[in-house]
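Participant: The structure's right below; bear with me while I get my questions together.
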Amino acid sequence: FEHSYDLKDPNLGSTIHYHRIPIRVADHDTVNEGVLGEVMIPEDDHSLNPTIYIAWAGTHQFGTVKADLERAAGEESYRTHEDQILGQMIQRINHYCEMNEGKNPKIVFTGHSLGGALSQLSFHSMQR
């Protein structure tokens, strides 16, 4: 499901409304096992350099405990679905850029615990 969230911009002092779009990972009958993230797209940021967030959840259910216990936290689960994840991130960012011509968004990768490891993996995937 998709939903929204409001964040206060510390630099501008204004609140920006974000559309939160889940990153869906599917492997046969399993959905989001070990990997749960979302792309947060600004809906009403009028600056030329808005911020898009790629946010990853930490350990929160059995599937993520398994990912947390991998040799490098989350890496096996992430690498298994890397093409799906990367494709979704790029698609959402490109769609935003097409709809907001002239804007140059910065992208922030964030997460806590297991989500921190996933944010590093997704950051490096985007760099390649």
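The values are calculated or read from the model by the stated rules, or taken from the named source; none is laboratory data. If you're wondering where the values come from, they're calculated on a predicted model, not measured in any experiment. Note that each Cβ is placed from the backbone with ideal geometry, even for glycine, and that neighbours are counted across all protein chains shown. Note: accessible area is taken over every heavy atom of the protein model, side chains too, but ligands, DNA and RNA are not part of it. Shrake-Rupley method; radii C 1.70, N 1.55, O 1.52, S 1.80 Å.
Participant: Within the range 105-125, identify whether any single residue is surrounded by 12 or more Cβ atoms within 10 Å (Cβ to Cβ), more than 12 Å from the chain's Cα centre (by Cα) and farther than 27 Å from T59 by Cβ, and answer yes or no.
Facilitator: yes
Participant: While we're here: Could you please find all residues in the range 94-128 being closer than 14 Å to S47 by Cα and free of Cβ contacts under 8 Å to residues at least 40 places away in the same chain?
Facilitator: If the condition is that a residue be closer than 14 Å to S47 by Cα and free of Cβ contacts under 8 Å to residues at least 40 places away in the same chain, then C97, E101 are the ones that fit.
Participant: Within the range 80-102, count every residue that is modelled with pLDDT under 90, of a type in the set (D, E, K, R) and crowded, with 16+ Cβ neighbours inside 10 Å.
Facilitator: Going through the range 80-102 one residue at a time, the tally reaches 0.
Participant: Same structure again: Quick one: in the range 43-79, which of the residues that are open to solvent by 20 Å² or more (accessible area, probe 1.4 Å) and among the β-branched types (V, I, T) is modelled with the highest pLDDT?
Facilitator: The selected residue is T59.
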